[in-house]
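The values are calculated or read from the model by the stated rules, or taken from the named source; none is laboratory data. Bear in mind the structure is a predicted one, so any value in this text is a computation, not a measurement. Virtual Cβ from ideal backbone geometry, glycine too; neighbours counted across all protein chains shown.
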Amino acid sequence: MVNDKTRFLFIHIPRTGGMSMREALLSIPNTKGTGHRSLFRNELIGRRTGNGTRKLGRRISYFKFAFVRHPLDRLVSCWNRHTQINNMFNENGKPIESFDYFIDKLASNEYTDKYRYTVVPMVNWLQDENGKIDMEFIGRFENISNDWDSLAEQIGCEVPLPRKNNTRHKRWMKYFTPQSRRMIEDYYKEDMETFDY
């Protein structure tokens with residue numbers, strides 16, 4: 001999402017409270033919305049050149065922000081959202097009913113279809129073409145109210161944050177065995193280190 005008047009750019013990482021933020025930000029005049037777009041693949045940042053690379057435009061200098069979430073909690077939220085609501089995680093048209101089976105497939109990089117974007121590491125959403133994360137603000141889902149208030153002050157708009165698209169599930173620790181937790185922490189190693197989880 002982008003606002004050329006206020007000069008901000010929001011990178012919406014799935015399952016980090018972004019739908020709530022999207023609704024709040026769209027209430028600000030001149031905000032344009034898109035779906036989930038990473039920093040480097042975001043058409044709001046620049047345009048593709050003939051060889052497929054992105055030529056970065058003026059918006060790369062805008063105040064860029066995103067929110068992150070504990071990677072294992074985000075994965076559980078994603079799993080619950082897509083099994084409870086829209087059955088996005090399936091295999092050969094049949095729902096995958098076992099979380100353990102799902103994370104085995106994820107950790108072995110066997111998921112490559114349409115929903116893969118929802119579970120890729122968060123660093124992938126925020127890195128530029130050189131692999132650098134250049135954000136002016138990275139909030140935490142775990143501190144969403146305080147971080148949102150701080151962000152709203154920084155971009156100069158006092159917009160309350162609604163609650164949207166939330167899932168109900170057990171605490172994320174209850175979903176993992178010690179082995180599966182190690183496996184997924186390894187899968188999200190760069191997120192764990194980059195965002196200090």
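For region 1-20, the candidate set comprises residues that are of a type in the set (A, V, I, L, M, F, W, C) and assigned to a loop (DSSP other than H, G, I, E, B); within that set, the residue that is nearest to F195 (Cα to Cα) is I13. Annotation note: of L56, L44, L26, L106, the sole residue that is of a type in the set (A, V, I, L, M) and at pLDDT 80 or above is L26. Here is a check on your reading of the model: is L126 in contact (Cβ under 8 Å) with a residue 24 or more places away in the chain, over 30 Å from D104 (Cα atoms) and under 18 Å from the mean Cα position of the chain (by Cα)? No; evaluated as a whole, the condition is false for this residue. Could you grab me the full set of residues in region 136-158 that are surrounded by 16 or more Cβ atoms within 10 Å (Cβ to Cβ), at pLDDT 85 or above and within 26 Å of N30 (Cβ to Cβ)? Residues satisfying the conditions are F137, I138, G139, I144, D147, W148, L151, A152, I155. The set of residues from region 129-156 being in contact with a strand residue (DSSP E or B) (Cβ under 9 Å, 6 or more places away or on another chain) and free of Cβ contacts under 8 Å to residues at least 24 places away in the same chain comprises N146, S150. Kindly check whether there is at least one residue in region 92-103 that is within 19 Å of E193 (Cα to Cα), at pLDDT 65 or above and crowded, with 16+ Cβ neighbours inside 10 Å. No, because not a single residue in region 92-103 is within 19 Å of E193 (Cα to Cα), at pLDDT 65 or above and crowded, with 16+ Cβ neighbours inside 10 Å.
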